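Shown next, in structure tokens, is the structure this report addresses.
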Amino acid sequence: MVDHSSIISKIKPSIALVIAVNAEGKPIGTGSGFVFSKKNILVTCNHVIKDVPSIFIKFPDVEQIISAKTVVRDEEHDLALLKFDDKNREPLKMIDIKNVKEGMGVLFAGYPLSMQELTTHQGILSAITKDITGAVTYLIDGTVNSGNSGCPLMDENGMVIGIVNAKRRERSDLLTKVENMSMGAVSLHGVDLVEIYHALINNVQLGIGYAVPASYIPEHKEIKNDAIKKEEAATVEKVKSEKIIK
């Protein structure tokens, strides 16, 4: 068995837990992201931070959480770039696309199932597909869970191949409808069926995962925004008080 401990130690400081926060300062969802291109730019999936007023990130080697701002969205490829204030984070490097081949060994590291500890999985790049528009998708033979969205798909040397997307699933249209159902509408013996559906969807382990090629990551465009640091600080304190952040 290959020992990946040195690679994990190298990439770990650049992979963050992404926390979506509502207007009341309560975390409503989590995902993953990684530093890419510049030291203060984080890549994640757009659906992780879509339609939320506040975004926070936490790196595994520090206790504090820091605020982040969306600077670029690419809804077509479900990608987003976040800007954050920490220029000590080294960006992960992208592989030469000519070296991406079906059957190669891959690693992906993120925060599945709302975990706060970075978790790394291994597998193989099982297929490279192309739809009728020419858009490429990587299929991963590996354990992808909710929360892995936005984490880097890497070769065995830690070079970025793509961005994992846990929302890309078979019959995702049906599952999205279930996820959007309101709790409290249907119950059986006092148990909320919608809540059960949500738990099953979020905890099922998929034998195959999807990733967007790293070549689709949009370029960063500087957007100056000096917004309301006092309000951000107050929101940070609210987030810290929630159980999801310890």
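The values are calculated or read from the model by the stated rules, or taken from the named source; none is laboratory data. All figures in this text were calculated on a predicted structure; none of them were measured in a lab. Cβ placement follows ideal geometry from the backbone for every residue including glycine, while neighbour counts extend to all protein chains displayed.
Among the residues of the range 28-71, which ones are part of a strand (DSSP E or B), among the aliphatic types (A, V, I, L, M) and either farther than 14 Å from residue 220 by Cβ or not assigned by TED's automatic domain parsing to the domain that holds residue 13 (or both)? Across the range 28-71, the qualifying residues are 28, 55, 57, 66.
Results for (1) of a type in the set (S, T, N, Q); (2) over 18 Å from residue 158 (Cβ atoms); (3) in contact (Cβ under 8 Å) with a residue 40 or more places away in the chain; (4) crowded, with 22+ Cβ neighbours inside 10 Å, shown as yes or no for each residue.
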| site | (1), (2), (3), (4) |
| --- | --- |
| 33 | no, no, yes, yes |
| 37 | yes, no, yes, no |
| 64 | yes, yes, no, no |
| 69 | no, yes, yes, no |
| 77 | no, yes, yes, no |
| 82 | no, yes, yes, yes |
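Would you be able to say whether some residue in the range 58-74 is of a type in the set (Val, Ile, Thr), in contact with a Gly (Cβ under 8 Å, 6 or more places away or on another chain) and more than 28 Å from residue 129 (Cβ to Cβ)? Scanning the range 58-74, I find no residue that is of a type in the set (Val, Ile, Thr), in contact with a Gly (Cβ under 8 Å, 6 or more places away or on another chain) and more than 28 Å from residue 129 (Cβ to Cβ), so the answer is no. Please determine, by comparing only the residues of the range 87-115 that are under 19 Å from the mean Cα position of the chain (by Cα) and not hydrophobic (A, V, I, L, M, F, W, C), which one is farthest from residue 10 (Cα to Cα). Residue satisfying both the conditions and the ranking: 114. Looking only at residues in the range 1-24 that are surrounded by fewer than 18 Cβ atoms within 10 Å (Cβ to Cβ) and small (Gly, Ala, Ser), which one is nearest to residue 66 (Cα to Cα)? Among those that are surrounded by fewer than 18 Cβ atoms within 10 Å (Cβ to Cβ) and small (Gly, Ala, Ser), it is 23.
Scanning the range 80-134 for residues that are among the hydroxyl-bearing types (Ser, Thr, Tyr) and in contact with a helix residue (DSSP H, G or I) (Cβ under 9 Å, 6 or more places away or on another chain) returns 114, 119, 120. Within the option set 131, 173, being at pLDDT below 95, more than 20 Å from residue 215 (Cβ to Cβ) and not aliphatic (A, V, I, L, M) holds for one residue only, 173.
Summed over the range 9-27, residues that are aliphatic (A, V, I, L, M) and either more than 16 Å from residue 89 (Cα to Cα) or in the same structural domain as residue 145 (by TED's automatic domain parsing) (or both) total 4.
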